[in-house]
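Chemist: First the structure, then my questions, so here it is.
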Amino acid sequence: MTIEEKLASAFPSAEEVPAEFRAAAVEQKDYLINGRIKAWTGPRRDVLSPVGLRGKKGPERVRLGSYPLMTQKEALEALDAAAAAYDEGRGLWPTLSVEARIAHMEEFVWRMKEKRAEVVSLLMWEIGKSYEDSRKEFDRTVEYIADTIAALKELDRNSSRLSVTQGIIAQIKRAPLGVVLCMGPYNYPLNETFTTLIPAILMGNTVVFKPPKYGVLLHRPLLEAFRDSFPRGVVNTIYGEGSKIIGPIMKTGKVNVLAFIGSSRVADILRQQHPAPHRLRCVLGLDAKNAAIVLPDADVDLAAGECLTGALSFNGQRCTALKILFVHRSVQSEFLEKLVTAIEGLKLGMPWEPKVRITPLPEEEKPPYLAEVIADAKKHGAKVINEGGGASGGSLVYPAVIYPVNAKMRLWREEQFGPVIPVAPFSDVKEPLKYVVESNFGQQVSVFGRDMEKIAPMLDTLVNQVSRVNINSQCQRGPDVFPFTGRKDSAEGTLSVSDALRVFSIRALVAAKESDANRKLIRGILRGRKSRFLSTDFIL
Ligand code: G3H
C-alpha cells in the first residue's frame with residue numbers, strides 16, 4: 001500500500017470507531033464567573049475534531065460540540081470578578097493561610113481525578129493526541145499539582161521562622177501578586193495551562209483563564225470542581241477569540257501577571273496593550289527551534305532513535321521538539337538510513353489505536369503550511385528523502401525528512417511545529433554552533449557524541465546560548481522539578497514545580513528594630529496567632 005493509500009484508509013467510518021472511544025458531543029452553554037456557572041445564550045463556536053470520518057469527499061471532521069463566543073463585556077466581567085476577589089490583596093483568598101489554600105487545592109484535585117475519563121477523551125478528540133499520551137498528560141498534571149503542594153509546604157516551612165540581623169527582627173515570606181491572566185497552548189491544553197494556573201492560585205492570586213484555540217471543551221468537566229473548591233472569584237473562565245476578549249482585558253491595566261504559552265508575536269502584542277508595562281509581570285513560554293548536533297563519534301543508533309522521538313512525538317507539536325538536525329558528514333548516510341527506517345516503522349492512525357504515533361493534526365492550516373515549507377526547501381536544493389514524506393490526506397501528514405537544508409530555506413529558521421524533519425550536514429562543529437549562537441531562539445539543544453574532550457567545550461558554549469543542553473538524549477521539559485525556561489525569543493521567567501511558586505509571588509517581609517516594645521508586640525502577635533503572615537505556625 002502506498003503512503004497516500006495508507007493515509008486515505010486511516011480514517012474510519014462512524015461504525016468503525018470502537019464503542020468505548022466514541023465522542024459524546026459537549027454543547028457548552030455556560031462559563032464560570034465569580035463562583036457561579038452562568039448560562040450563556042449568545043453565539044457559540046463549533047468544535048471540529050482533527051479526527052475525520054470517511055465520507056464521499058474524503059474524511060469529514062467530527063463535530064464535538066460548541067463553546068461560548070464571548071464578547072468584551074463578559075471578559076471584563078470575569079476580570080472584575082478576579083479583581084474583586086483579590087481586592088488589592090485584602091480579599092479572602094490572598095489573605096488566607098497557606099495551609100487553608102492547600103486544603104482548597106486538595107479538594108480540587110480530588111474532584112478533578114473523578115473527571116479523568118471525560119477529560120482524556122476530549123483531549124484525544126480535540127487535539128488528536130493519542131489515547132496513551134492523553135492519559136499521560138492528565139496524570140502528569142495531577143502529579144504536578146501534588147508536587148506543587150509539597151513544594152509549597154516546604155517553602156512555607158522554611159519561612160516559618162524569624163531571623164534577627166543587625167538588630168532587626170524579620171520574617172520573610174512570599175506574598176501574591178494580584179490578578180493572573182492564564183493562557184496555555186493547544187499541544188498541552190490541560191498540562192501547560194495548569195502548570196501556571198495551579199501555582200498562581202496556590203500563591204494567593206486570583207485568575208482569569210482562557211483555554212487555547214484547540215482543547216477548549218476538555219476544560220468543561222472541571223468547571224464544577226473549580227466552582228466548589230475555591231472561594232468565589234478565585235477562578236474565572238473566558239472563551240472566544242483572543243483578539244476580541246484579551247485585548248480589552250490587558251488595556252484595563254488590572255492584570256498583574258500575564259502567564260502565556262504561545263508565540264512571541266502574540267506575547268508582544270499583549271504586553272504592549274497594558275497601560276503600565278512595568279507593573280506587569282510576564283511568565284512566558286514562547287517559540288523554539290531546538291537543534292540536535294550529531295558528532296562524528298556519536299552512537300548513531302541511539303542518536304537516530306532520540307532524534308526520531310524528539311522530532312516526531314505528538315507529530316512534532318511540542319515546543320521542546322527537535323526542529324532541525326545537524327549531522328556530521330562522516331555519519332550522515334548511516335544516520336539518515338536509520339532515521340528513515342525508523343519512520344517507516346511508525347504506526348499511523350487514529351488516536352485511540354494502540355501504539356499509534358502519527359495522528360491527525362488539529363490546525364487546519366498546518367498541512368498546507370508544511371507543504372509550503374517543503375516546497376520552499378526543494379526550491380533551494382533539498383529533497384524529501386523518505387518515501388511518501390510530506391504526503392497528506394485530510395488532517396494527517398506523513399513525516400518528511402528534508403535533506404540537505406541550508407540557510408536560504410524557511411525550514412532553517414521557521415518553527416515548523418509539525419512532522420517535518422530538516423537535516424543539515426556539517427563538516428566542522430563551528431557550523432552548528434554558529435547556528436545556535438545566531439538563532440533567535442534559545443530554549444534547548446541536544447548533543448550526540450562520546451568524546452569528552454569534544455563535548456565539554458561545546459557544553460560551555462551552549463549553556464550560554466540555551467537553557468538546557470541534553471547529552472545523548474532528545475530535548476524535553478521534564479522531569480517537572482527541573483527548571484524550564486529559555487533565552488532570547490523562547491521564554492521569560494522560569495517554570496518548574498518550585499520556580500513557578502516563586503514567579504507567581506513576591507518576597508515580602510515584616511521587620512522591626514529589636515527593642516523591648518517591639519519584641520513584646522511581635523511575641524503577642526505570634527502567641528495570640530493574630531496575623532496570618534507574621535506567624536511561626538508550621539505545616540505538618
Ligand atoms: O510544548 C512544550 C512542552 O512544554 C514540552 O513538554 O518536553 O514534556 O513534551 P515535553
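Chemist: How much of the calculated P(r) for the range 290-485 lies past 23 Å, in percent of all Cα pairs?
Modeler: Details: 7471 of 19110 pairs.
Value for the range 290-485: 39 percent of Cα pairs lie more than 23 Å apart.
Chemist: What's the exposure ranking of MET124, MET458, going from fewest to most Cβ atoms within 10 Å?
Modeler: Details: MET124 26, MET458 20.
Result, fewest neighbours first: MET458, MET124.
Chemist: I would also like to ask the following. For a 30 Å ceiling on Cα separation, which of these pairs sit above it: LYS6/LYS115; LYS355/LYS454; LYS6/LYS383; LYS129/LYS210?
Modeler: Working: LYS6/LYS115 35 Å; LYS355/LYS454 37 Å; LYS6/LYS383 22 Å; LYS129/LYS210 20 Å.
Correct reply: LYS6/LYS115; LYS355/LYS454.
Chemist: For the chain, give the magnitude of the charge dipole about the Cα centre (Cβ charges: +1 Lys/Arg, -1 Asp/Glu; no others), in debye to the nearest 20. Walk me through the intermediate numbers first.
Modeler: Working: 73 positive and 63 negative charges, 412 e Å.
Computed charge dipole of the chain: roughly 1980 debye.
Chemist: At a Förster distance of 22 Å, what's the computed FRET efficiency of THR461 paired with ARG413, Cβ-Cβ distance as r, to 0.05? List each step's numbers first, then the result.
Modeler: Values: r = 20 Å, r/R0 = 0.92.
For R0 = 22 Å, the calculated efficiency reads 0.60.
Chemist: Which value, in debye to the nearest 20, describes the size of the charge dipole of the range 290-485 about its Cα centre when Lys and Arg Cβ atoms bear +1, Asp and Glu Cβ atoms bear -1, and nothing else is charged?
Modeler: 220 debye
Chemist: Return, for the Cα atoms of the range 286-357, the radius of gyration and Dmax in Å, separated by a comma.
Modeler: 13.1, 41
Chemist: Please report, in Å, the Rg and the Dmax of the range 230-348, where both are computed over Cα atoms only.
Modeler: Both quantities, over Cα of the range 230-348: 21.4, 63 Å.
Chemist: In what sequence do VAL405, VAL207 fall when counting other Cβ within 10 Å, fewest first? Display every interim value, and only then the final one.
Modeler: Working: VAL405 22, VAL207 28.
Ascending number of Cβ neighbours within 10 Å: VAL405, VAL207.
Chemist: Taking only C-alpha pairs under 8 Å that are 6+ residues apart, what is the relative contact order of the chain in percent? Don't skip to the end; give the middle numbers.
Modeler: Values: 1137 pairs, mean separation 98.4, N = 540.
So the answer I get is 18 percent.
Chemist: List the relative contact order of the range 3-285 as a percent without decimals, with contacts defined as Cα pairs under 8 Å and 6+ residues apart.
Modeler: Numbers: 504 pairs, mean separation 67.6, N = 283.
Normalised by residue count, the contact order of the range 3-285 is 24 percent.
Chemist: May I pose another question? Please state the relative contact order of the range 410-513 as a whole percent: Cα pairs under 8 Å, 6+ residues apart?
Modeler: On the way: 102 pairs, mean separation 23.0, N = 104.
The normalised contact order for the range 410-513 reaches 22 percent.
Chemist: Of ALA508, SER439, ALA78, which is farthest towards the positive pole of the chain's charge dipole, taken about the Cα centre with +1 and -1 on the beta-carbons of Lys, Arg and Asp, Glu respectively?
Modeler: ALA508
Chemist: As an exercise, use a Förster radius of 60 Å and the Cβ-Cβ distance of ILE172 and GLU4 to find the FRET efficiency, rounded to the nearest 0.05.
Modeler: Values: r = 64 Å, r/R0 = 1.07.
The formula returns an efficiency of 0.40 here.
Chemist: Under the 0.36 nm per residue contour assumption, what length would be gained going from the current alpha-carbon distance of THR536 and GLN72 to full extension?
Modeler: Values: separation 464, 0.36 × 464 = 167.04 nm, distance 4.45 nm.
Net length gain for the segment: 162.6 nm.
Chemist: Considering the options MET183, GLY486, LEU346, tell which one lies farthest towards the positive end of the dipole of the chain, charges being +1 on Lys and Arg and -1 on Asp and Glu at the Cβ, about the Cα centre.
Modeler: MET183
Chemist: Right, here's the next one. Using a simple spin-label model with points 7 Å from Cα along the Cα→Cβ vector, what separation in nm is obtained for ASN518 and SER97?
Modeler: Calculated label separation equals 2.6 nm.
Chemist: Give me the net charge of ALA82's neighbourhood, meaning all other residues with Cβ under 15 Å from the Cβ of ALA82; Lys, Arg count +1, Asp, Glu -1.
Modeler: Numbers: positive: ARG36, LYS38, ARG90, LYS210, ARG227, ARG232, LYS254; negative: GLU74, GLU77, ASP80, ASP87, GLU88.
Residues near ALA82 contribute +2 overall.
Chemist: Can you figure out the FRET efficiency of ASN472 with LEU526, using R₀ = 56 Å and their beta-carbon distance, to the nearest 0.05? Working shown, then result.
Modeler: On the way: r = 53 Å, r/R0 = 0.94.
About 0.60, to the nearest 0.05.
Chemist: Can I ask one more? Rounded to the nearest 20 Debye, what is the dipole magnitude of the range 187-260 about its Cα centre when Lys and Arg each give +1 and Asp and Glu each give -1 at the C-beta?
Modeler: On the way: 8 positive and 4 negative charges, 54 e Å.
Dipole size: approximately 260 debye.
Chemist: What percent antiparallel are the DSSP beta bridges of the chain, to the nearest 5? Before the final figure, lay out the partial values.
Modeler: Values: 34 of 74 bridges.
Counting only bridges with both partners in the chain, antiparallel ones make up about 45 percent.
Chemist: Which value in nm describes the separation of the simple spin-label points at PHE482 and SER13, placed 7 Å from the Cα toward the beta carbon?
Modeler: 4.8 nm
Chemist: Among TRP110, TRP125, which comes first, second and so on when ranked by fewest other beta-carbon atoms within 10 Å? Don't skip to the end; give the middle numbers.
Modeler: Numbers: TRP110 11, TRP125 26.
Result, fewest neighbours first: TRP110, TRP125.
Chemist: Additional query: Please list 349-361, 86-98 highest first by mean number of surrounding beta-carbon atoms within 10 Å per residue.
Modeler: 349-361, 86-98
Chemist: Let me ask you something else. Taking the 0 to 90 degree range and rounding to the nearest ten, how far is the long axis of helix 332-344 tilted relative to the main principal axis of the chain, both from C-alpha atoms?
Modeler: 80 degrees
Chemist: Across the Cα atoms of the range 425-467, what radius of gyration and what greatest pairwise Cα-Cα distance (Dmax) are found, in Å?
Modeler: 10.2, 29
Each value in this text was obtained by applying a stated rule to the coordinates, not by laboratory testing. Everything quoted here is computed from the prediction, not taken from an experiment. So basically every Cβ, Gly included, is an ideal-geometry build from the backbone, and we count neighbours across all protein chains shown.
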